[in-house]
Amino acid sequence: MKLKFPNPGLDDRIPSHAELERMEKEEAGDRPKWDNKTQYLLTCVGFCVGLGNVWRFPYLCQSHGGGAFMIPFLILLVLEGIPLLHLEFAIGQRLRKGSVGVWRSIHPCLTGVGIASLLVSFLVGMYYNTIMAWIMWYLFNSFQSPLPWSQCPLNANKTGLVEECARSTTVDYFWYRETLNTSTAIDESGGLQWWMVLSLVAAWTLLYVCCIRGIETTGKAVYITSTLPYVVLTIFLIRGLTLKGSIEGIKFLFIPDVDELMNPSTWLDAGAQVFYSFSLAFGGLISFSSYNSIHNNCEQDAILISIINGCTSVYSATVIYSIIGFRATEKFDDCTSDNIWKLMNAFNYPENNITDGNYDQVLSQFNQTNPDIIQGLQLQTCDMQTFLSQGVEGTGLAFIVFTEAIIKMPVSPIWAVLFFVMLFCLGLSTMFGNIEGVVVPLQDLNILPKSWPKEIITGLTCLISCACGLIFTQQSGNYWLALFDSFAGSIPLLVIGLCEMIAVMYIYGVDRFNKDIEFMIGHKPNLFWQVTWRVVSPLIMVVILIFYFVTQITKSLTYLVWDQEAVDFPTLEARPFPSWINVIIFILAGVPSLAVPVFALYKFIQNKCCKKEDYSDDTVDTISAKVEMNDKMKI
Amino acid sequence: MEDVVPLLLLLLCVSSAAAQLCAPDASNGYKVRLSLLTALGDEAYVWNDSEMFLFRAAMAFAMRTADGQNYNVSNVLVCDETPRVSFWFVVTSPLNSSLLVERRQVEEAVRKSRNRINSAFLLTDNTLEFLGIPPTLVAPTPPSSPPWLIVFGVVMGAVGAGIVLVLGTSVMQSRREKKKAQTGFEEGEEESRAEGNGAASDSVYNLSFSDDDRLTQM
């Protein structure tokens, strides 16, 4: 497995070990540095731990066999997550550049990998911050009692509740109507919603003020944004465990179903979750690692951050499901007492004669004697499992299920504020990494004049992303966001991750890489790293990529729509995409992925045709040249 | 003996008339349902004839308030009591005890005095139900300025102040550095002029003069 592509001129492009030692001692002032190790670790933990840990992992865990899901998750964490993380940390620390700089140093044809990272970071940052805008909107609305999503408004002539709200629930109505004001199709754009635009502007300006000077300012901000979520999760855990029905939720989450391990999609979802959860291939981690001192122990860091990320996923899953268990129990109790009420009123039984205990017996008795009356009552079937599995993923979890649970808790506004502050901090620290993954490559590519300070570049990035993000503030914005989420943040990242591994192992050279790590941390990486870097991790990535690609191509492209006219309202209806969406999908998924080969080809052609004119590169190293230079310096 | 029979007949007639006036699903009657245990839990009182009397008095009060005529307890007829605690009632006119008051008038009277009737029984609109008379909905009063805008304003103000502060310190810092570089540069120039050539100095540009190796070797 000592395959290595020829790579002439590599030594000229990267600093040697001696130069690194010299740079370390002289402390070159122009490259930013971490104030202390804690800042670096908190920033990386913040980048990795994001909204996915709270609203994707618990759903995957519960739907793929509960406690049994831990097995594929942990296996793939060790075989895929940790090696990739160590790789990114080590290469960033060694080459001391952002993502574009690192790949360009390894080989100019690989600049495309850095550019792909830049594009993906930009696209993902655009829609991720819109979710932050939604979170901020809910946060702003949490400072009132009663919470606005606990009541239905009255209709125009004050005779009853608004029909849309009465047919669905108050939380559904607040989310789909008062927050998103959603239209019924992705092509009905419906214009910008001013309150969403304000929230979006608030989200981007808050992000800007935290990122304004790069890690100088984000390094201070992460002390709060990375630690506060853990505090809030603990508070919610204590609160959750004291609520009725929370144990039901936790049991539902963790009860293992070992048969699920036979299902290949369980392993696929586990692999994809590990990959996306570690925020790999965005370029942000390489950047952060490049600000470390040269002898920082990146191996230890990789293992530590992986463990923290995994544990956070499990911890937040426990908290989320304790609250979901409470909500499901409340809904179940409401459902059964509603049925008992109807039965009691129909047959004029005294109160408290029909209880949960004898309900079934009484119902069957009446079914035999008066079946027609029973029909007319329209009793609902109350099933605990249905309530526990309702809408527990993504934005549905945060903005519908959890908000419903919060309004049933005493002193709701406090819990709402705490919850949305936690989500906000989780998202903000991830956005720091995203912005890093956009701004540093822009500086490395020399697109913008060097005289422009970092503040201006960051400001420009935030401004352009905010302007582009306005498409998500339209009435159809939710559908656009789901589109971006499925396509911009999935296949390109897998492609980039695979290219990274191949580039470092086979173009940079695994021998050189081993020597570098030995230079940096004092010992050569052991057999585990060798095997996973060279064989296991790339293989897992290829498998996941192929399966992902195949499932995306084969499944019919539909999206879920909130439509009052639909038959199953309030359940979301699946509707096929219009045909022009395929162009958009190609731009989202195809352009970043194709940037890698296109740029490689472009550089290759450039090299071939411009090979003869190589004289200008050599510097003439004579004293007279130095004299001339120094005369200029005098002036 | 002969006096009793007409009396008995009269009583029968009256009771049957009353029975005919008040019946379940009567056209001018309403069904009332009380949920004492739901509303009051442990402090629930037992529903008995006295409570029924209170109800009939409360209804008479409501009719008087709405109509102005002198309704009495005897004008409110009740029937079909169930253990649920639900029953039907009708209201007869004070002028003619065999004439029932119109449904709409009863509804109006109940609506007007709903609060008073509820509080007489320590119940609410949901636990003292008049089937067919929905409770009037209380519109939630919207606050003068939406609270979310206030929080938004506070947050944006803080963020704006932060941006101005950080940018301001950056600008000041860069100005200070420029000044330092300028004054440092001027000092360096004066030094070099004062020292003249040939003097050993650390700066690179003097090396060319002091480096003998560059002279052609004879």
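The values are calculated or read from the model by the stated rules, or taken from the named source; none is laboratory data. This structure is a prediction, so every number in the text was calculated from the model and none was measured. Neighbour counts run over all protein chains shown; Cβ positions are idealised from the backbone, glycine included.
Numbers below:
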quantity	calculated
Test set (1) within 23 Å of the chain's Cα centre (by Cα); (2) farther than 26 Å from residue A:424 by Cα - residue A:102 fails condition number	(1)
Criterion violated by residue A:445 - all others in (1) among the hydrophobic types (A, V, I, L, M, F, W, C); (2) under 23 Å from the mean Cα position of the chain (by Cα); (3) away from every other protein chain (no Cβ under 14 Å) satisfied	(2)
Residue A:496 vs. criteria in contact with a His (Cβ under 8 Å, 6 or more places away or on another chain), more than 18 Å from residue A:204 (Cα to Cα), part of a helix (DSSP H, G or I) and in contact (Cβ under 8 Å) with a residue 60 or more places away in the chain	no
Selection from the stretch B:40-56 of residues that are in contact with a strand residue (DSSP E or B) (Cβ under 8 Å, 6 or more places away or on another chain) and more than 14 Å from residue A:350 (Cβ to Cβ)	B:52, B:55, B:56
Condition check for residue A:26: among the charged types (D, E, K, R) and within 21 Å of residue A:514 (Cβ to Cβ)	no
Residues being surrounded by fewer than 17 Cβ atoms within 10 Å (Cβ to Cβ) and part of a loop (DSSP other than H, G, I, E, B) - total across the stretch A:380-392	5
Every pair of residues 6+ apart whose Cβ atoms lie under 7 Å, when the first sits in the stretch A:531-560 and is closer than 30 Å to residue A:478 by Cα while the second is of a type outside the set (Asp, Glu) and assigned to a strand (DSSP E or B)	A:556/A:576; A:557/A:576; A:558/A:574; A:558/A:575; A:558/A:576; A:559/A:575; A:560/A:574
Qualifying residue in the stretch A:130-140 (condition: in contact (Cβ under 8 Å) with a residue 40 or more places away in the chain and more than 14 Å from chain B (Cβ to nearest Cβ))	yes
Close pairs from the stretch B:22-48: first within 12 Å of another protein chain (Cβ to nearest Cβ), partner part of a loop (DSSP other than H, G, I, E, B) and of a type in the set (Phe, Trp, Tyr), Cβ under 8 Å, at least 6 apart	B:34/B:47; B:34/B:121; B:36/B:45; B:36/B:47
Check on residue B:126, surrounded by fewer than 19 Cβ atoms within 10 Å (Cβ to Cβ) and either within 14 Å of chain A (Cβ to nearest Cβ) or of a type in the set (D, E, K, R) (or both)	yes
Count of residues meeting criterion [away from chain A (no Cβ under 14 Å), over 15 Å from residue B:55 (Cα atoms) and out of contact with any strand residue (DSSP E or B) (no Cβ under 8 Å at 6 or more places or on another chain)] in the stretch B:71-100	4
In the stretch A:164-197, the residues that are polar (S, T, N, Q) and away from every other protein chain (no Cβ under 14 Å)	A:168, A:169, A:181, A:182, A:183, A:184, A:189
Verdict on residue A:31 being basic (Lys, Arg), closer than 24 Å to residue A:454 by Cα and either over 20 Å from the mean Cα position of the chain (by Cα) or at pLDDT below 95 (or both)	yes
Criterion (under 24 Å from the mean Cα position of the chain (by Cα), within 14 Å of chain B (Cβ to nearest Cβ) and modelled with pLDDT under 90) met by exactly one of A:219, A:214	A:214
Helices (runs of 4 or more DSSP H) fully within the stretch A:516-635 counting 1 or more residues that are modelled with pLDDT of 80 or more, under 30 Å from residue A:498 (Cβ atoms) and within 14 Å of chain B (Cβ to nearest Cβ)	none
Candidates A:301, A:338, A:269, filtered to the one that is in contact with a helix residue (DSSP H, G or I) (Cβ under 8 Å, 6 or more places away or on another chain) and more than 20 Å from residue A:68 (Cα to Cα)	A:301
Among (1) surrounded by fewer than 16 Cβ atoms within 10 Å (Cβ to Cβ); (2) under 21 Å from the mean Cα position of the chain (by Cα) - the single one residue A:550 does not satisfy	(2)
Residue within the stretch A:158-170 that is of a type in the set (A, V, I, L, M) and at pLDDT 90 or above present	no
Qualifying residue in the stretch A:336-350 (condition: exposed (fewer than 14 other Cβ atoms within 10 Å of the Cβ), part of a helix (DSSP H, G or I), within 14 Å of chain B (Cβ to nearest Cβ) and of a type outside the set (A, V, I, L, M, F, W, C))	yes
Identity of the residue in the stretch B:132-152, modelled with pLDDT under 75, in contact with a Leu (Cβ under 9 Å, 6 or more places away or on another chain) and surrounded by 10 or more Cβ atoms within 10 Å (Cβ to Cβ), that ends up farthest from residue A:148 (Cα to Cα)	B:137
Residue A:318, sole failed condition from (1) within 30 Å of residue A:436 (Cα to Cα); (2) surrounded by 14 or more Cβ atoms within 10 Å (Cβ to Cβ)	(1)
Breaking point among (1) crowded, with 22+ Cβ neighbours inside 10 Å; (2) farther than 30 Å from residue A:221 by Cβ; (3) of a type in the set (Val, Ile, Thr), for residue A:430	(2)
Lone unmet requirement of (1) part of a helix (DSSP H, G or I); (2) buried (at least 18 other Cβ atoms within 10 Å of the Cβ); (3) away from every other protein chain (no Cβ under 14 Å) for residue A:292	(1)
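The rows are residues; the columns are (1) modelled with pLDDT under 85; (2) part of a helix (DSSP H, G or I); (3) small (Gly, Ala, Ser).
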residue: B:74; (1), (2), (3): no, yes, yes
residue: B:79; (1), (2), (3): no, no, no
residue: B:84; (1), (2), (3): yes, no, no
residue: B:90; (1), (2), (3): no, no, no
residue: B:98; (1), (2), (3): yes, no, yes
residue: B:106; (1), (2), (3): no, yes, no
residue: B:109; (1), (2), (3): no, yes, yes
residue: B:115; (1), (2), (3): no, yes, no
residue: B:118; (1), (2), (3): no, yes, no
